[in-house]
Each structure stands twice: as C-alpha cells, then as structure tokens.
Amino acid sequence: MISIQKEEINSIPSLTVTYTNKINEPLPLIIYFHGFTSAKEHNLPIAYLLADKGYRVILPDSKYHGERETVLTASERQISFWNIVIQNIDDLQKIKDYYEQRKLILNNRIGIAGTSMGGITTSAALTQYSWINVAAVLMGSPKIMTFAKALVNHFKQVGDLPLTEEMVNNLYASLEKYDLSKQPDKLDHRPLLFWHGENDAVVPFDHSFTFYNEVKNLYKNMDQIRLIKEKNRGHKISRYAILETVKWFEKFL
C-alpha cells in the first residue's frame with residue numbers, strides 16, 4: 001500500500017509519498033515542485049505513479065503557496081514570482097540534506113521535476129546542484145533571463161509594474177546565475193526531459209524547443225535528453241506527459 005505522509009521537512013510543509021512498508025528504508029528520491037498559484041496536493045497523481053515504481057516522492061509547498069500562503073494581492077504575488085523560484089532552490093537543498101542526514105537516499109540517487117514554475121525551478125536548480133542525477137521540466141523555461149524580461153515588459157505595457165528600474169536591474173542580476181541557457185555545460189550529460197504544449201500561452205513553448213536544439217549535441221548519448229511536444233495543448237499537463245515523466249525516471253533513476 002502506498003502512503004501519503006504530511007510532514008514539515010526543515011520547516012517546509014510537504015507530502016511524502018511512498019510504499020508504507022518502505023518508509024524507513026533508503027530509496028531513490030524525487031522532489032517535485034508545483035506551479036504558480038498551485039499547491040503540493042495537486043501533484044499527488046504523478047507522485048503516486050512514481051511511488052509505485054519504488055521512489056520516495058516529496059511534494060513541497062512553495063513560498064506563499066499552500067500551507068505557506070500569506071495575504072498577498074495578485075500583483076504582489078506576481079512580483080514575488082522570482083523570489084519564490086529562488087526560495088524553491090534553497091528549499092531543495094534543505095530537503096536533500098534532511099533525507100541525507102537520515103541515510104534514506106539510496107546510492108545518492110536524486111531526481112527533481114516540476115510543473116510550470118516548478119519546471120523553471122528544475123532548470124534553475126541544475127545550474128546550482130551537481131548532485132541532481134535526473135530532471136524533468138514540464139512546461140517550464142530554461143531561459144530565465146528571457147522569460148523574466150518578457151514578464152517585466154508585459155507588466156510595463158499594462159501599466160502594472162510597481163518596481164523601479166533599479167529594482168528591475170537588481171532582479172536581472174540576481175537571476176543571471178540561475179539561467180541554464182547561459183551555462184549549458186552545467187548539464188554535464190545528466191538525463192533531462194522536456195515536455196511542453198505547442199500552444200502554451202503562459203510559458204512559451206519556444207523556450208524549451210530552442211534550448212533543446214541548442215544543447216542536444218552536447219550529449220554523448222542522445223537518449224539522455226528528450227523534448228516531447230504536444231500539438232493543440234496549452235498550459236495544462238496531459239496524462240501522456242505524466243506517464244512519460246514516470247518512464248523517464250524509471251529509465252534513468
């Protein structure tokens with residue numbers, strides 16, 4: 001039987017999904033990050049399928065989301081987007097440390113994945129942590145600087161950007177080190193899956209598509225990097241995407 005445990009991992013509200021009889025055994029670890037305005041519980045279907053393959057799956061709540069939600073206006077939350085991504089990356093290290101200290105990670109096998117904002121987090125985390133073995137980016141962007149500038153320009157056009165030029169420039173400076181497209185060598189041949197709907201109006205499909213074509217030849221084994229695109233699919237994960245993500249981790253983690 002697969003169990004869902006609600007716990008705080010180094011003060012991060014999380015769900016842990018795994019087989020009940022393996023809760024205290026070392027297992028390969030997968031951390032899955034949710035999207036913007038979502039919460040950890042929304043990713044239980046994919047967590048269940050991954051746990052069924054023998055993984056310990058952690059679903060953390062991001063800052064200002066789920067159990068960490070605070071009173072913010074829609075505009076304040078939007079402006080906090082990149083701070084949330086950076087906090088996710090810090091949280092990822094805390095979650096890894098938590099299970100490492102308890103000797104519950106089997107052979108240092110660690111994978112991460114995420115949806116939308118969680119996919120952006122996944123791409124950014126690859127620039128920071130060499131201990132990530134396998135990753136999956138579902139409708140996220142590996143081009144953080146490009147995406148951030150597009151969002152800023154959008155808010156400027158609609159007259160809803162409560163940031164000074166200095167604040168905007170500081171934001172860009174803080175994000176530069178997390179931009180995977182600027183440092184593709186950080187991939188280091190690690191298995192990486194992209195899934196993206198071609199009609200995504202929230203996170204541009206082109207970011208995944210062009211990045212994949214820019215970096216695929218860096219891989220010695222082309223089976224270790226894959227882009228799955230779905231026609232007529234917007235900013236919504238399909239069952240096919242979920243099943244292919246599970247297969248990806250089963251193959252490489």
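The values are calculated or read from the model by the stated rules, or taken from the named source; none is laboratory data. None of these values were measured; they are calculated from a predicted model. Virtual Cβ from ideal backbone geometry, glycine too; neighbours counted across all protein chains shown.
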Is one or more of the residues making up segment 153-161 surrounded by 13 or more Cβ atoms within 10 Å (Cβ to Cβ), at pLDDT below 95 and part of a helix (DSSP H, G or I)?
yes
Here are some residues: LYS220, LYS186, LYS229. Which one is surrounded by 13 or more Cβ atoms within 10 Å (Cβ to Cβ), without any contact (Cβ under 8 Å) to a residue 40 or more places away in the chain and not polar (S, T, N, Q)?
LYS229
Would you pick out the residues in segment 12-37 that are at pLDDT 95 or above and among the polar types (S, T, N, Q)?
SER14, THR16, THR18, THR20, ASN21, ASN24
2 or more residues over 19 Å from LEU192 (Cα atoms), at pLDDT 95 or above and not acidic (Asp, Glu): qualifying helices (runs of 4 or more DSSP H) within segment 41-121
44-51, 81-101
Within the set of pairs 6 or more residues apart or between chains, which connect a residue that is under 10 Å from ARG56 (Cα atoms) inside segment 1-20 to a residue that is of a type in the set (Ser, Thr, Tyr) with Cβ atoms less than 7 Å apart?
VAL17/TYR48; THR18/SER3
Just to be sure, is SER141 surrounded by fewer than 19 Cβ atoms within 10 Å (Cβ to Cβ), assigned to a loop (DSSP other than H, G, I, E, B) and under 16 Å from the mean Cα position of the chain (by Cα)?
no
